[in-house]
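Participant: Below: one structure in structure tokens.
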């Protein structure tokens with residue numbers, strides 16, 4: 001089995017991603033030295049992103065446990081330090097009606113209540129731990145890209161308000177142009193609260209500092225290269241040392257090392273997502289598109305784009321990433337992503353791009369997040385699969401894992417009642433999992449062709 005699903009360029013743990021977030025990370029980076037000896041602890045957390053650090057923070061804050069966090073790169077190296085910084089409702093790729101049919105109305109409502117709770121958890125951590133995240137906005141803007149799309153979006157918003165009690169507001173094309181921004185692609189929008197934008201790397205660094213202050217010990221540049229059992233304890237080996245732990249929390253999401261444990265093989269689908277950030281724009285340049293909002297925004301289509309105006313006047317724009325993760329393939333993808341930016345915002349064609357980078361979104365076969373413990377080894381807990389919504393979903397999931405672990409003991413396997421059923425347990429393996437990358441690329445290719453066809457049809461070229 002191949003060690004990783006993508007090109008090795010995606011897994012250079014010793015190299016920071018050349019992102020805007022890394023360039024503006026501030027001074028909150030925690031002191032996290034590599035593991036350099038043979039140690040033991042109660043709980044070893046594999047992965048130093050939102051999930052792992054939230055689990056460590058809540059375990060140390062609420063329980064008298066010795067917790068170690070092992071991170072392959074620096075703290076925030078992975079998706080937690082690379083994403084678009086949207087703290088918003090989401091976390092699943094299942095449609096609402098399908099979710100109700102599959103899990104029932106009350107379970108679906110419980111899931112959405114958990115999403116709102118997760119957003120407020122992030123807000124509480126930022127305020128309570130005094131984390132400087134450059135917080136922006138109070139809602140997410142979903143933009144319709146066609147008149148038909150606006151009709152579908154309105155019906156969805158009404159359904160979410162009526163059935164789930166979500167705070168949705170419908171804005172017509174002209175209202176949107178007057179109150180938010182203008183684009184040749186916008187045909188109205190839906191505003192969803194609560195949502196806000198953050199500097200994602202500053203948040204993960206602040207969460208790491210808070211976890212350390214509660215007693216967690218963090219080890220950066222400490223990739224786990226072997227995982228075995230030594231009696232009742234787990235033996236995690238890095239290049240610099242070993243950790244013997246009573247319990248393990250796997251918190252690696254899209255960068256999950258499937259080669260380390262047989263139960264992990266084929267359980268997730270990492271999908272590359274890319275982001276570009278412009279130079280700072282002047283007020284006159286920003287006004288070319290009548291921009292008047294700091295709310296995070298998305299296009300309401302299958303291959304969505306996500307974007308927002310940053311506090312320093314730069315514009316962040318994201319979308320689907322390269323096919324295989326190599327630097328060469330990524331360069332071609334950035335060209336396509338920038339072309340899409342210019343299509344949506346033609347008034348900014350002359351604005352230089354200062355930063356470009358990519359990371360991984362993690363999907364599961366059932367298209368919902370996964371929280372649980374291994375059936376054949378209840379001393380191993382996991383949480384992953386946030387479907388591009390990790391800021392709040394991962395932070396909340398880490399807290400739930402900590403609560404479950406601290407309250408259950410290593411032998412108890414009963415799932416807690418407070419977790420939504422749709423998130424519980426290890427998801428099924430993807431069919432023909434060694435070929436996941438091939439059929440993912442085929443599916444994305446079909447969606448892109450469909451999108452181009454619809455665009456050509458709209459322009460009267462077909």
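The values are calculated or read from the model by the stated rules, or taken from the named source; none is laboratory data. Note that the coordinates shown come from a computational prediction; the quantities given were computed from them, not determined experimentally. Reconstructed Cβ throughout: ideal geometry from the backbone, glycine too, with neighbour counts over all protein chains shown.
Participant: Is it the case, given these coordinates, that residue 135 is without any contact (Cβ under 8 Å) to a residue 60 or more places away in the chain and either surrounded by fewer than 22 Cβ atoms within 10 Å (Cβ to Cβ) or over 22 Å from residue 294 (Cβ atoms) (or both)?
Facilitator: no
Participant: Another question, if that's okay. Among the residues that make up the stretch 110-130, is at least one of them assigned to a loop (DSSP other than H, G, I, E, B) and either in contact with a helix residue (DSSP H, G or I) (Cβ under 9 Å, 6 or more places away or on another chain) or within 30 Å of residue 225 (Cβ to Cβ) (or both)?
Facilitator: The answer is yes; a qualifying residue exists.
Participant: Which of the residues belonging to the stretch 191-222 are farther than 30 Å from residue 143 by Cα, surrounded by 22 or more Cβ atoms within 10 Å (Cβ to Cβ) and touching a helix residue (DSSP H, G or I) at 6+ places or on another chain (Cβ under 9 Å)?
Facilitator: Result: 205, 206, 207, 208, 210, 211, 216, 218.
Participant: Need a quick list: strands (runs of 3 or more DSSP E) entirely within the stretch 146-220 having at least 2 residues that are more than 30 Å from residue 43 (Cα to Cα) and either more than 22 Å from the chain's Cα centre (by Cα) or at pLDDT 95 or above (or both).
Facilitator: In the stretch 146-220, 167-171, 189-193 are the strands (runs of 3 or more DSSP E) which contain 2 or more residues that are more than 30 Å from residue 43 (Cα to Cα) and either more than 22 Å from the chain's Cα centre (by Cα) or at pLDDT 95 or above (or both).
Participant: Something else now. Out of 297, 274, 268, which single residue is buried (at least 23 other Cβ atoms within 10 Å of the Cβ) and either more than 19 Å from the chain's Cα centre (by Cα) or modelled with pLDDT of 95 or more (or both)?
Facilitator: Exactly one residue qualifies, and that residue is 297.
Participant: Consider residue 92 carefully, then state whether it is surrounded by 18 or more Cβ atoms within 10 Å (Cβ to Cβ), assigned to a loop (DSSP other than H, G, I, E, B) and out of contact with any strand residue (DSSP E or B) (no Cβ under 9 Å at 6 or more places or on another chain).
Facilitator: When the stated conditions are applied, residue 92 passes them.
Participant: Could you run through the stretch 221-243 and say how many residues are without any contact (Cβ under 8 Å) to a residue 12 or more places away in the chain and not in a strand (DSSP E or B)?
Facilitator: Count: 1.
Participant: For the stretch 294-326, what are the residues that are closer than 24 Å to residue 173 by Cβ, assigned to a loop (DSSP other than H, G, I, E, B), in contact with a strand residue (DSSP E or B) (Cβ under 7 Å, 6 or more places away or on another chain) and touching a residue at least 40 places away in the same chain (Cβ under 8 Å)?
Facilitator: 294, 295, 296, 300, 303
Participant: While we're on this one: Considering only residues that are in contact with a strand residue (DSSP E or B) (Cβ under 6 Å, 6 or more places away or on another chain) and either in a helix (DSSP H, G or I) or more than 15 Å from residue 33 (Cα to Cα) (or both), which ones fall in the stretch 68-85?
Facilitator: Answer for the stretch 68-85, where residues must be in contact with a strand residue (DSSP E or B) (Cβ under 6 Å, 6 or more places away or on another chain) and either in a helix (DSSP H, G or I) or more than 15 Å from residue 33 (Cα to Cα) (or both): 79, 82, 84, 85.
Matching residues to (1) out of contact with any helix residue (DSSP H, G or I) (no Cβ under 7 Å at 6 or more places or on another chain); (2) crowded, with 22+ Cβ neighbours inside 10 Å; (3) part of a strand (DSSP E or B):
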{"position": "339", "(1), (2), (3)": "yes, no, no"}
{"position": "360", "(1), (2), (3)": "no, yes, yes"}
{"position": "381", "(1), (2), (3)": "no, yes, yes"}
{"position": "398", "(1), (2), (3)": "no, yes, no"}
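Participant: I'm trying to understand the selection: among the residues of the stretch 407-421, which are closer than 30 Å to residue 85 by Cβ and either crowded, with 18+ Cβ neighbours inside 10 Å or touching a strand residue (DSSP E or B) at 6+ places or on another chain (Cβ under 8 Å) (or both)?
Facilitator: 419, 420 - these are the residues of the stretch 407-421 that are closer than 30 Å to residue 85 by Cβ and either crowded, with 18+ Cβ neighbours inside 10 Å or touching a strand residue (DSSP E or B) at 6+ places or on another chain (Cβ under 8 Å) (or both).
Participant: Taking the condition of being surrounded by 18 or more Cβ atoms within 10 Å (Cβ to Cβ) and closer than 15 Å to residue 360 by Cα, how many residues in the stretch 12-28 meet it?
Facilitator: Residues in the stretch 12-28 being surrounded by 18 or more Cβ atoms within 10 Å (Cβ to Cβ) and closer than 15 Å to residue 360 by Cα: 3 in total.
Participant: Moving to a separate point now. Only one of these conditions is not met by residue 236: (1) surrounded by fewer than 20 Cβ atoms within 10 Å (Cβ to Cβ); (2) within 30 Å of residue 38 (Cα to Cα); (3) modelled with pLDDT of 95 or more. Which number is it?
Facilitator: Single failed check for residue 236: (1).
Participant: Please enumerate the residues belonging to the stretch 244-265 that are in contact with a helix residue (DSSP H, G or I) (Cβ under 6 Å, 6 or more places away or on another chain), surrounded by fewer than 23 Cβ atoms within 10 Å (Cβ to Cβ) and outside any helix (DSSP H, G or I).
Facilitator: 265
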